[in-house]
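Peer 1: Input: one structure, supplied below.
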Amino acid sequence: MTPLHDRPTRPRRATLAALALGLALACGACGGGDGGAGAGADAAEPAVAGIRRDPPPDVSAVSLPDAAAGGASFATVAEEGGLLLVYFGFTNCPDICPTTLADVRAALAGMAAPDAGRVGLAMVTVDPGRDTGELLTGYVRSFVADGHALRTDDDAALRGAATAFGADYVVEPAGAGEPEVGHTSHLYAVDDRGRLVLQWPFGTSPDDMRADMEHLLAGAPA
Amino acid sequence: METDRISLRPRRLTGAGVAALLALGLAGCGGDDEAAPGGVAEAAAAPDGAGAPQVEDAWARSSAAGQTAGAAYLVLVGGAEDDRLVGAAVPPEVAASVELHRTAAAEGAAGATTMQEVDGVDVPAGATVAFAPGGYHVMLIGLAEPLVAGGSFPLDLTFAGGAARTVTAEVRDR
């Protein structure tokens, strides 16, 4: 892992451009979803607010210990007919993570109970050094009652999981202070075949998330 | 020091759009551009008199179980002269310390965001500077106890021009 350099107050523009280019290449054909891109899309399929990856990555092989289930292995695949929301974050995150998870909670609260019941949430901590299983479990379940708290001390496993989703993270020890943690701030939606079917950037409104989820649940994969 | 927020509302994004969005690590503020009905617009009596920035709609998100760092957000309205927010404080029964932070792109991790502490935020005369999720926030470090929706706490703000404001931050779920 390349160590972070001295951090300027403002990100260097050239670095941002490089990141943008690198991510564009890594993302491949990340396209906005307007119905036509995926296999089997029908002509009347409404647009979704989230981002569809084409082809949808297969994350069915990603499996991490679920601290909320005593460390039992949990594969990032939704229950049959459902969706699994996956988020990479950490509990000491004051802004991005609580905002996203609160938005998830609000989105689910706006859905009819049967639909909401088909959606699961798994949070993967990118900061296992500070996020104990107990801490992570309590944190996730503050947002979704039966949320999964995925945590591993095996950095290779964690890195592999993040990469499978197209997510990145960095944890930099910061001298005398707390570590500085960066992580991709997207929220991912996985179907019951382990396909990453949709993802939402940070800031996606709960209404958009809800509408997208209802759309995905209604068009249960054929 | 950048003071303007880039407000984006992603709908359909091209690959390049996604890349740019992720690289910048910024995103539109979550959903409701709430003109919060219960928003607080206080101008506590400032020692320096007129002309200093005002603070509106201070709020903090309720904290999750085990969350030790909280975030407060607010809107700064510039006064008659350019100024700069240089300090913030809360009582120790709220948090151990307070820092000003900005969410930004993380160097060393593609498409990732992280926080950077800032030593101040410019508030140009007459300008509106919003602290909102994904942008600037007042980081409450070492929460003494959970922040529970419906509660509130005093937030002291100090400006380079000499003004001091104390506002009441409401705790909300969103």
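Peer 1: Out of all the residues in region A:67-78, which are assigned to a strand (DSSP E or B) and closer than 17 Å to residue A:192 by Cβ?
Peer 2: Scanning region A:67-78 gives A:74, A:75.
Peer 1: Going through region B:75-87 one residue at a time, which ones are crowded, with 21+ Cβ neighbours inside 10 Å and assigned to a strand (DSSP E or B)?
Peer 2: Going residue by residue through region B:75-87, those that are crowded, with 21+ Cβ neighbours inside 10 Å are B:76, B:79, B:83, B:85.
Result: B:76, B:83, B:85.
Peer 1: If you don't mind, another one. Within region B:109-150, track down each residue that is within 10 Å of chain A (Cβ to nearest Cβ), farther than 24 Å from residue A:169 by Cβ and part of a strand (DSSP E or B).
Peer 2: The one that is within 10 Å of chain A (Cβ to nearest Cβ), farther than 24 Å from residue A:169 by Cβ and part of a strand (DSSP E or B): B:138.
Peer 1: Of the residues A:75, A:107, which is of a type in the set (A, V, I, L, M, F, W, C) and within 26 Å of residue A:181 (Cα to Cα)? Quick ask: steps written out before the conclusion?
Peer 2: Values: A:107 fails: within 26 Å of residue A:181 (Cα to Cα).
Every option except A:75 fails the conditions.
Peer 1: While we're on this one: Filter region A:165-182 down to the residues that are among the small types (Gly, Ala, Ser), under 30 Å from residue A:52 (Cβ atoms) and more than 7 Å from chain B (Cβ to nearest Cβ) and list them by number.
Peer 2: Taking region A:165-182 first, the residues among the small types (Gly, Ala, Ser) are A:166-167, A:174-177, A:182.
Subset that is under 30 Å from residue A:52 (Cβ atoms): A:166-167, A:182.
A:166, A:167 - these are the residues of region A:165-182 that are among the small types (Gly, Ala, Ser), under 30 Å from residue A:52 (Cβ atoms) and more than 7 Å from chain B (Cβ to nearest Cβ).
Peer 1: Would you point out which residue out of A:64, A:85, A:136, A:121 is in contact (Cβ under 8 Å) with a residue 24 or more places away in the chain, assigned to a helix (DSSP H, G or I), in contact with a strand residue (DSSP E or B) (Cβ under 7 Å, 6 or more places away or on another chain) and of a type outside the set (S, T, N, Q)?
Peer 2: Values: A:64 fails: assigned to a helix (DSSP H, G or I); A:85 fails: assigned to a helix (DSSP H, G or I); A:121 fails: assigned to a helix (DSSP H, G or I).
Result: A:136 is the single residue among A:64, A:85, A:136, A:121 that is in contact (Cβ under 8 Å) with a residue 24 or more places away in the chain, assigned to a helix (DSSP H, G or I), in contact with a strand residue (DSSP E or B) (Cβ under 7 Å, 6 or more places away or on another chain) and of a type outside the set (S, T, N, Q).
Peer 1: Taking the conditions exactly as written (in a loop (DSSP other than H, G, I, E, B), crowded, with 18+ Cβ neighbours inside 10 Å, on the phi < 0 side of the Ramachandran plot and touching a residue at least 60 places away in the same chain (Cβ under 8 Å)), does residue A:167 satisfy them or not? It would help to see each step written out before you state the result.
Peer 2: Details: in a loop (DSSP other than H, G, I, E, B): yes; crowded, with 18+ Cβ neighbours inside 10 Å: yes; on the phi < 0 side of the Ramachandran plot: yes; touching a residue at least 60 places away in the same chain (Cβ under 8 Å): yes.
So residue A:167 passes the test.
Peer 1: Additional query: Applying the selection to region A:190-219, what residues are more than 14 Å from every other protein chain (Cβ to nearest Cβ), touching a Ser or Thr at 6+ places or on another chain (Cβ under 8 Å) and either crowded, with 24+ Cβ neighbours inside 10 Å or of a type outside the set (D, E, K, R) (or both)?
Peer 2: A:190, A:194
Peer 1: Restricting to region A:82-106, count the residues that are modelled with pLDDT under 95 and farther than 18 Å from residue A:125 by Cα.
Peer 2: 0
The values are calculated or read from the model by the stated rules, or taken from the named source; none is laboratory data. It should be emphasised that the depicted structure is a prediction, and the values quoted were computed from it without experimental measurement. With ideal geometry, Cβ positions are generated from the backbone for all residues, glycine too; neighbour counts draw on all protein chains shown.
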